[in-house]
Structures are given as structure tokens and as C-alpha cells.
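K.L.:
The structure is given below, and queries will be raised subsequently.
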Amino acid sequence: MASIPPSTITTPTVLSAQSQVCGGHVGNGAAVFPLQRNGVEVISLPTAVLSNHNGYPNVGSIPVNAQDLRAVLRSLGHNGFLGRCDAVLSGYLTETSGPVVVDAVQQIRARGGAGHYLCDPVMGDDGRCYVSDGVVQMMHELVVPAADIITPNLFELAMLTDHPGLATCPGPTSRPGDTATTSTRGDGNSMPTCAEVIAAARSLMGSALMGSARDDAEHHAGTWHVMSHTTGQNPFRPRASGATVAGPRAVVVTSVRTTDLPEDQTHVMTVTPNSAWVCSTPTLSRHFSGSGDLFAALLLAGLLHGQQKNSDARLSEAVARATQQTWLVLSATASDAPESEEPGELALVAHQDLLTVQEGAATRRLAQ
Ligand SMILES: Nc1ncnc2c1ncn2[C@@H]1O[C@H](COP(=O)(O)OP(=O)(O)O)[C@@H](O)[C@H]1O
Ligand SMILES: Cc1ncc(COP(=O)(O)O)c(C=O)c1O
């Protein structure tokens, strides 16, 4: 089979490594279609294969092992797919799939691809941890340090940082597919201040924080500008071959609750080495599995298509838009079946027009 010729069109390509469900919309089932609907080509890599999300009474699964995943990636590499990747998106990872995905990021970077990596460190929510100790450790030591941007919810940020003021995680309870139990230490109800969330997010930034002056506007502006396929030139400063970035350059914290933000709204806080913003929407009374996966996919699409030259402006615009689009889809889904007791699925197909709305939710710059 012939390799794919280099792209001459402005459609960016993303490798999306997430769980795959046969029915419903979590993991790649919540990310692939929204990416495609926003003009992004997707190579989807299953980190787990399940019948449906873990809110249902029955969950069937097909095992995914590291050897097969590596073989799939090898073939994708040989056939030219990986060489076209502008970014990698990851969601639910296992101890098996995590190292393979990080290797793929490094390979894409080493091949001269942009290799930007947005990681949603899926580990738990609301005081419940649903991955093993090994996954928590892997996220902490391997995956998050390799990412450019991460999108933890507040509980996951607490798990990654153990920062004073944030609720902490007790360790493993169960995996997706099992019923998660409530943690004994973090109750999901203790609330930090905005300053504590910002400090926790920055504690993950490592060398990105140290190098913030050097790395600022223009380099970051280039970071998400997909020009390489159209001009044949790489506008980004190249990374050292195989190098691991010691910490993300931006942390986008979802479902933030703090003592100093309005209680009746849902907040997304974006933290970079130099700035912090909060973006707020009304809180809906229903929860839908896959909301975080949808948000991360829409954020990545917004970053890849962003036109702002300044990196902070591009990030805040993409976050505001993704927050708005996610809220519109959740709200429309809730209106379809307001009283439903069923686990529920995001109505991505029925409300696909909302996935491309161009407005943004109200954004406020924080003092820090
Ligand atoms: N009940 C809700 N009301 C309003 N917005 C919501 C609600 N649930 C999720 N969202 C939106 O989706 C984003 C991601 O959802 P979240 O539950 O934090 O992700 P995860 O699934 O990773 O825990 C939130 O920051 C918020 O913008
Ligand atoms: C199998 C499975 N179930 C449920 C979820 C939960 O999604 P969320 O955290 O968005 O509710 C995920 C997330 O990837 C998943 O892979």
C-alpha cells in the first residue's frame, strides 16, 4: 500500500487515544465526531474497548494489550498517518496503554511533526478515584510531564498535586466498568480558593514555568498554529528529538468550585505561567458521562484553528468557545429528557450544529 501523500489542505490531524465504546458517547465516542465536525481529521486509537460507559449496570469489554497497540502504531507510522499528526489528544489511559501513547507523542515529535499533546488526565471526579494506584503514578510521573496542556477536573488536579487546600485522593477504588466507591479522605466537598487552584496548577508546570519568559508569546503563538502542511515549513521551534517536556505549559481546570467564585455557576479555570482566567456558565442539574471528553476535544479543535497570534489570547478564546459549545450540547441533551433516570448519553448527533458555535462563554481575567 502506498503511503499517504503530504497534506496540501488546511485540515489538521489529531491522534486521539481514548477508550472506545460500542454504544454511546464517552472517550473517543465523545471526541471523534466533535473533532471531525470542527474540521479535524482523526486517527482514533482505543486504549480500552467497552460495550458502553460505566454508568450502566452491565459493561462488556474486549482486552487491549500493549503489543497490539504498538503494532497498530507501527503500521500507522509506516503508512504515513503519524507523520501527518499535528497534535495528540489523550483521555482514559491504562497502565498498558499510557506508556505506548507517550511513546507515540515522542515518535511524532521526533519525526518533525508538531507533536503537541493535550492530555485529559482521566482518574476520577467528585471525590471518587476510579483508576488504579499504578495509573495515578503513571499520570503523575510519565504522562502529565510529557503534555503541553492538561485538562484535569478539580479532583484530578488535587490527585496530581496533593496541594494544600485541595481535596486529596485516597488511591484506587475501581476502574471504568466497575462501580466507583466514595473516597475516605477527599470528600469532594472541601473548597479551595482561586489562588490555591492557581498555585496547584502552576506546581505542575516545571520547566515550562521556569522558562516562561523565554517561551512566551511568539513561540507559544506558533505552538498551535497549523501551518506546516500548507507552507511546507515548520514555524515552531523544534523540540530535541525524543525530548520530554517537564510539565505542561497550561492547565485548564474543569468543574472548578472555590470559596470565592459564584456557587450557582460552573467554572473552568485556565492557568498559564503568567496568567489565569475563569470562564463561567450556569450549572445544569444533570451530569452526563463524556462531558470532559467532549470539552477536551472541542478545546483542541479550537486551538488548532485559532487565529490569535498571542498564545494566551488563543488559549483563552479556545477555552471560552469550548466551554460554551459543551454547555450548549449538555443543556440541549438535558432538555430532551429532563426527568430521565437513565444513565443518559450526550446527544451529539441530534445537536451537532451546537458543536460549531463560534461564541464564547463569559471570561474573566484573574488577578494572579
Ligand atoms: N452539570 C453541568 N453544568 C454545567 N456545565 C457542565 C456540567 N457538567 C459538565 N459541564 C461542563 O463540562 C466541562 C467538563 O466536565 P467535567 O465533568 O468537569 O469533566 P470530567 O468528565 O473530565 O470530570 C465542565 O468544566 C463544564 O464546563
Ligand atoms: C468507559 C468510560 N466510562 C466513563 C467515562 C467517564 O467520562 P466522564 O469523566 O466524562 O464522566 C469514561 C471517560 O473516558 C470512560 O472511558
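The values are calculated or read from the model by the stated rules, or taken from the named source; none is laboratory data. Model, not experiment: these values are computed from the prediction. Because the Cβ atoms are built from the backbone with ideal geometry, glycine has one as well, and the counts that use them run over all protein chains shown.
K.L.:
Filter the range 341-368 down to residues that are part of a helix (DSSP H, G or I) and among the hydrophobic types (A, V, I, L, M, F, W, C) and give me whichever is farthest from the chain's Cα centre (by Cα). Step through it out loud before you land on a result.
P.N.:
From the range 341-368, those part of a helix (DSSP H, G or I) are 352-356; that's our starting set.
When the remaining residues are screened for being among the hydrophobic types (A, V, I, L, M, F, W, C), the result is 354-355.
Values: 354: 20, 355: 16 Å.
Checked the range 341-368; the qualifying residue farthest from the chain's Cα centre (by Cα) is 354.
K.L.:
Still on this structure, I have one more. Under 8 Å between Cβ atoms, which residue pairs at least 6 apart in sequence (or on different chains) link something in the range 134-162 that is farther than 14 Å from residue 271 by Cα and in contact (Cβ under 8 Å) with a residue 24 or more places away in the chain with a partner that is more than 14 Å from ligand 2 (Cβ to nearest atom) and among the acidic types (Asp, Glu)?
P.N.:
134/95; 135/95; 138/95
The rows are residues; the columns are (1) modelled with pLDDT of 95 or more; (2) in a loop (DSSP other than H, G, I, E, B); (3) more than 16 Å from ligand 2 (Cβ to nearest atom); (4) not hydroxyl-bearing (Ser, Thr, Tyr).
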{"position": "233", "(1), (2), (3), (4)": "no, yes, yes, yes"}
{"position": "240", "(1), (2), (3), (4)": "no, yes, yes, yes"}
{"position": "245", "(1), (2), (3), (4)": "no, yes, yes, yes"}
{"position": "255", "(1), (2), (3), (4)": "yes, no, no, no"}
{"position": "294", "(1), (2), (3), (4)": "yes, no, no, yes"}
{"position": "309", "(1), (2), (3), (4)": "no, yes, yes, yes"}
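Yes or no, residue by residue, for (1) farther than 21 Å from residue 11 by Cβ; (2) among the charged types (D, E, K, R); (3) crowded, with 20+ Cβ neighbours inside 10 Å:
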{"residue": "288", "(1), (2), (3)": "yes, no, yes"}
{"residue": "303", "(1), (2), (3)": "no, no, yes"}
{"residue": "307", "(1), (2), (3)": "no, no, no"}
{"residue": "311", "(1), (2), (3)": "yes, no, yes"}
{"residue": "319", "(1), (2), (3)": "yes, no, yes"}
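K.L.:
Within the range 61-146, which helices (runs of 4 or more DSSP H) (wholly inside it) include 1 or more residues that are out of contact with any His (no Cβ under 9 Å at 6 or more places or on another chain) and within 14 Å of ligand 2 (Cβ to nearest atom)?
P.N.:
97-110, 133-138
K.L.:
From the list 332, 320, which residue is assigned to a helix (DSSP H, G or I), under 25 Å from residue 118 (Cα atoms) and of a type outside the set (Val, Ile, Thr)?
P.N.:
Working: 332 fails: under 25 Å from residue 118 (Cα atoms).
Criteria check complete, one pass: 320.
To keep it simple, each residue is scored yes or no on (1) surrounded by 19 or more Cβ atoms within 10 Å (Cβ to Cβ); (2) touching a Cys at 6+ places or on another chain (Cβ under 8 Å); (3) free of Cβ contacts under 8 Å to residues at least 40 places away in the same chain; (4) not hydroxyl-bearing (Ser, Thr, Tyr).
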{"position": "277", "(1), (2), (3), (4)": "yes, no, no, yes"}
{"position": "294", "(1), (2), (3), (4)": "yes, no, no, yes"}
{"position": "323", "(1), (2), (3), (4)": "yes, yes, no, no"}
{"position": "348", "(1), (2), (3), (4)": "yes, no, no, yes"}
{"position": "359", "(1), (2), (3), (4)": "no, no, yes, yes"}
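K.L.:
Can you pull out every residue in the range 246-274 that is within 11 Å of ligand 1 (Cβ to nearest atom), under 12 Å from residue 193 (Cα atoms) and either of a type in the set (Val, Ile, Thr) or free of Cβ contacts under 8 Å to residues at least 12 places away in the same chain (or both)?
P.N.:
Once the filter is applied, which keeps residues that are within 11 Å of ligand 1 (Cβ to nearest atom), under 12 Å from residue 193 (Cα atoms) and either of a type in the set (Val, Ile, Thr) or free of Cβ contacts under 8 Å to residues at least 12 places away in the same chain (or both), the range 246-274 yields only 256.
K.L.:
Of the residues 352, 307, which single one is away from ligand 1 (no atom under 14 Å from the Cβ) and either under 27 Å from residue 196 (Cα atoms) or free of Cβ contacts under 8 Å to residues at least 60 places away in the same chain (or both)?
P.N.:
307
K.L.:
Assess whether residue 303 counts as being modelled with pLDDT of 90 or more, closer than 17 Å to residue 327 by Cβ and touching a Leu at 6+ places or on another chain (Cβ under 9 Å).
P.N.:
So residue 303 fails the test.
K.L.:
Using the structure shown, decide if residue 338 is assigned to a loop (DSSP other than H, G, I, E, B), within 16 Å of ligand 2 (Cβ to nearest atom) and modelled with pLDDT under 95.
P.N.:
No; evaluated as a whole, the condition is false for this residue.
K.L.:
Consider residue 23 carefully, then state whether it is in a loop (DSSP other than H, G, I, E, B), within 14 Å of ligand 2 (Cβ to nearest atom), among the small types (Gly, Ala, Ser) and surrounded by fewer than 20 Cβ atoms within 10 Å (Cβ to Cβ).
P.N.:
When the stated conditions are applied, residue 23 passes them.
K.L.:
State which residue is farthest from residue 304 (Cα to Cα) when the search covers only the range 39-60 and only residues that are part of a strand (DSSP E or B) and hydrophobic (A, V, I, L, M, F, W, C).
P.N.:
50
K.L.:
Moving on. One residue is enough: does the range 73-82 have a residue meeting the conditions hydrophobic (A, V, I, L, M, F, W, C), in contact (Cβ under 8 Å) with a residue 24 or more places away in the chain, within 16 Å of ligand 1 (Cβ to nearest atom) and crowded, with 17+ Cβ neighbours inside 10 Å?
P.N.:
no
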